[in-house]
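These notes are about the structure you will find just below.
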Amino acid sequence: MTAPDRRHEQRYGGPLVGRRTSRVLIALAAAVFLGIVGYVGVQAASTPVRHEVLAYQHLADDVIAVDFQVTMDPGTEAVCRVQALNKGRAQVGFLETTIPAQESRRSTHHVEISTQGEAVSAEIIDCSPR
């Protein structure tokens, strides 16, 4: 140790955690972080059915049309739940639709939802394999 280091140590005290302990803690934190990132990545990649709203269109005050894309393994059948929302984000319409088995991974679908009030947007709640 040099003289200024000793003076600092005498004035402020030594390190709370030793050098070896700090390295072990950093390595442990990095391993936990990488484990969490790996777990989240595997979960995202193994989602059997993915969905995305492409567009929605107001057909009337009480009807909204939704175009959406579903990505799933060929030959899989799915059920999608779609909702229409008003200005306050309250649900004013709901539809559960069956997506038949497709030959390709991606397919586009169109549904029309009857609403109990004016809808300003629509979203897919979820899609799950049947």
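The numbers here are math on the coordinates, done by the rules we state, and not lab data. Owing to the predicted nature of the structure, the values given are computational and were not obtained by experimental measurement. Note that we place each Cβ from the backbone using ideal geometry, even for glycine, and neighbour counts take in every protein chain shown.
Can you work out the FRET efficiency for the pair Val120 and Glu96, with r the C-beta to C-beta distance and R0 = 22 Å, to the nearest 0.05?
With R0 = 22 Å, the Cβ-Cβ based efficiency is 0.55.
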³J(HN,Hα) across the stretch 35-42 via Karplus (A = 6.51, B = -1.76, C = 1.60, θ = phi - 60°), whole Hz, x for Gly/Pro?
x, 5, 4, x, 4, 4, x, 5
Residues Ser22, Ser104 in order from fewest to most other beta-carbon atoms within 10 Å are Ser104, Ser22
Candidates Thr76, Thr21, Thr115: whichever shows maximal mean-square fluctuation once the chain is modelled as a Gaussian network with Cα springs under 10 Å:
Thr21
What are the ³J(HN,Hα) couplings of the stretch 113-130, residue after residue, when phi is run through the Karplus curve with 6.51, -1.76, 1.60 and θ = phi - 60°? Round to Hz, x for glycine and proline.
10, 7, 10, 9, x, 6, 8, 10, 7, 9, 8, 8, 6, 6, 10, 9, x, 9
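What's the local net charge at Ala60, with K and R +1, D and E -1, over the other residues with C-beta under 15 Å away?
Net charge in that neighbourhood comes out at -4.
I need to check one value: relative contact order of the stretch 24-122, counting alpha carbon pairs closer than 8 Å and at least 6 residues apart, in percent.
29
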Where the only charges are on Cβ atoms (+1 Lys, Arg; -1 Asp, Glu), what is the dipole of the chain about its Cα centre, to the nearest 20 debye?
1460
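Given contacts defined as C-alpha pairs under 8 Å and at least six residues apart, what's the relative contact order of the stretch 15-74, whole-number percent?
Relative contact order for the stretch 15-74 comes out at 25 percent.
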Neighbour-count ranking for Val92, Val32, Val53 (other C-beta within 10 angstrom, fewest to most) reads Val32, Val53, Val92
Could you give each residue of the stretch 50-55 its phi-based ³J(HN,Hα) in whole Hz, using Karplus coefficients 6.51, -1.76, 1.60 with θ = phi - 60°, and x for Gly or Pro?
10, 9, 8, 6, 8, 6
Using the count of nearby Cβ atoms within 10 Å as a rough guide to exposure, how do Val82, Val70, Val40 rank from fewest to most?
Val40, Val70, Val82
Could you tell me which label, among (i) -0.74, -1.09, -1.15; (ii) -0.56, -1.36, -1.50; (iii) -0.68, -1.22, -1.28, carries the value of log10 I(q)/I(0) by the Debye sum over Cα atoms at q = 0.14, 0.21, 0.22 Å⁻¹ calculated for this structure?
(i)
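Which is the longest run of the chain containing none of the GluC sites (Glu not before Pro) found in DSSP loop states (not H, G, I, E, B) with at most 13 other C-beta atoms within 10 Å?
1-76
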The long-range amide H neighbours of Phe94, using H built 1.01 Å from N in the peptide plane and a cut-off of under 5 Å, are Ala84
Report relative contact order for the stretch 52-109 in percent, whole number only (criteria: Cα-Cα under 8 Å, sequence separation at least 6).
35
Within the under-13-Å Cβ sphere about Gly14, not counting Gly14, Lys/Arg +1 and Asp/Glu -1 give a net charge of +2
Helix 3-12 sits at what angle to the longest principal axis of the chain, using alpha carbons and giving 0 to 90 degrees rounded to 10?
70
For the chain, what is the calculated [θ] at 222 nm in deg cm²/dmol (nearest 500), taking -39500 (n - 2.57) for each run of four or more DSSP H residues and dividing by its residue count?
-9500 deg cm²/dmol
Name the residue from Ala29, Ser107, His51 whose Cα lies farthest towards the positive end of the charge dipole of the chain, charges +1 on Cβ of Lys and Arg and -1 on Cβ of Asp and Glu.
Ala29
